[in-house]
Amino acid sequence: MKYRVATSSLNLRDFPSANDNSKILTKIPFRHTVKLIEKTTSDWWKVKLLNTDKEGFVFSKDIEHVDVTTDEIADIEVPNFEPGSEGSLDNKLETYKPLGDPAIPFRDLTSVASKLSSIRKIIDTLNVSKSYRYEKDDSDTYCNIYAFDYCFFAKVYIPRLRWTDKAIDALENGNEVPLVFGETVRPFYSNYIYDWFVQSSNAFGWERVCDVDALQKKVNANGGVGVICAKRFILNKSGHVVVVVPETETEKAFRLDGKIIYPLQSQAGMDNYNYFSEVRKDWWDSKDPEKGYSSAIFYYHD
């Protein structure tokens, strides 16, 4: 029987939390599914994290039953590695895994004020303008990795990986498939992220927003997470994805006649910025057939 995580993040523990020696094995993201092994007590159930060998205990009130006869999303579990130990802001190892550095803060969801202050700390700590993890090289830029890391620590989900066709065939036949980078899973690049937002993101708590003015206002008012994602005219060229972040006393969106024209953003790419707005203008609206974008979308998550 399958259950889905109903909170922004759920701790998988080696013993029920009431045990003094209980420790967290991993954090399971929102909307990921687990297989029930045993309802051990009224509060703590033993589960298995799909497509891994990891088992443990979760708080039963933080998961919800999945009706696999009606819920198509549950048919194939989203691939997701737990945070890695080798990757860091100073190297490019294991960029397909979330960062496991305990010094990087998570968004504090206690209040709007705590969300706003913790987002500033996330941006300062990831320090995309200086961190080697996001620095462009001869072969690639890393907008998708930075957006994934930012969202991970903001406790919202966007995909970093997708199953290979062979793995999907096995999953559709009811088999569990181990996560092996380059064999059973491959990276989710920006053009694919665009498609994921349109097709699947509402199931993970995202809502589409009509324009950047509305997006920036929601991010500011609620301490939420905004994303702009653009798809290329030429699909074998990388699209682009940035996060829209709350304004601060010193970092502002660009307004014209009181309306936000260029929101306050944070990005990796050809140039990396902790904060920017008017320096790249409305980059998502470029119609250059070689370097521009066929379409762009704006999404928000509380």
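The values are calculated or read from the model by the stated rules, or taken from the named source; none is laboratory data. Quantities reported herein were computed from a predicted structural model and do not represent experimental measurements. Every residue, glycine as well, gets a Cβ built from its backbone with ideal geometry; the counts of neighbours run over all protein chains shown.
Quick look at the values:
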| read-out | value |
| --- | --- |
| Any hit, the range 237-259, residues being under 21 Å from the mean Cα position of the chain (by Cα), among the basic types (Lys, Arg) and under 24 Å from Asp138 (Cα atoms) | no |
| Residue count, the range 140-195 (criterion: farther than 15 Å from Tyr96 by Cβ and over 18 Å from the mean Cα position of the chain (by Cα)) | 12 |
| Condition broken by Cys210, with the remaining ones in (1) hydrophobic (A, V, I, L, M, F, W, C); (2) out of contact with any strand residue (DSSP E or B) (no Cβ under 6 Å at 6 or more places or on another chain); (3) surrounded by 14 or more Cβ atoms within 10 Å (Cβ to Cβ) satisfied | (3) |
| Test: residue in the range 203-225 that is in contact with a Leu (Cβ under 8 Å, 6 or more places away or on another chain), closer than 20 Å to Gly269 by Cα and outside any helix (DSSP H, G or I) | no |
| Any hit, the range 230-247, residues being among the hydroxyl-bearing types (Ser, Thr, Tyr), in contact (Cβ under 8 Å) with a residue 24 or more places away in the chain, surrounded by 14 or more Cβ atoms within 10 Å (Cβ to Cβ) and closer than 20 Å to Asp195 by Cα | yes |
| Hits in the range 138-163 (condition: assigned to a strand (DSSP E or B) and under 16 Å from Tyr194 (Cα atoms)) | Leu161, Arg162 |
| Residue within the range 261-275 that is among the β-branched types (Val, Ile, Thr), surrounded by 15 or more Cβ atoms within 10 Å (Cβ to Cβ) and not in a loop (DSSP other than H, G, I, E, B) present | yes |
| Residue that is modelled with the highest pLDDT, among those in the range 196-212 that are over 14 Å from the mean Cα position of the chain (by Cα) and more than 17 Å from Pro263 (Cβ to Cβ) | Val198 |
| Residue satisfying all of: in the range 81-136; among the aliphatic types (A, V, I, L, M) and in contact with a Gly (Cβ under 8 Å, 6 or more places away or on another chain); farthest from Pro178 (Cα to Cα) among these | Ala113 |
| Candidates Ile145, Ile122, Ile158 - the one that is crowded, with 19+ Cβ neighbours inside 10 Å and without any contact (Cβ under 8 Å) to a residue 40 or more places away in the chain | Ile122 |
| Single match in Val177, Val227 (criterion: surrounded by 21 or more Cβ atoms within 10 Å (Cβ to Cβ) and over 29 Å from Ala253 (Cβ atoms)) | Val177 |
| Hits in the range 15-45 (condition: charged (D, E, K, R), in a loop (DSSP other than H, G, I, E, B) and more than 12 Å from Phe59 (Cα to Cα)) | Asp20, Lys23, Arg31 |
| Test set (1) over 26 Å from Ser131 (Cα atoms); (2) among the basic types (Lys, Arg); (3) in contact with a strand residue (DSSP E or B) (Cβ under 7 Å, 6 or more places away or on another chain) - Lys281 fails condition number | (1) |
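Matching residues to (1) within 27 Å of Lys287 (Cα to Cα); (2) charged (D, E, K, R):
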{"residue": "Ile158", "(1), (2)": "yes, no"}
{"residue": "Asp169", "(1), (2)": "no, yes"}
{"residue": "Val209", "(1), (2)": "yes, no"}
{"residue": "Leu215", "(1), (2)": "yes, no"}
{"residue": "Gly224", "(1), (2)": "no, no"}
{"residue": "Arg232", "(1), (2)": "yes, yes"}
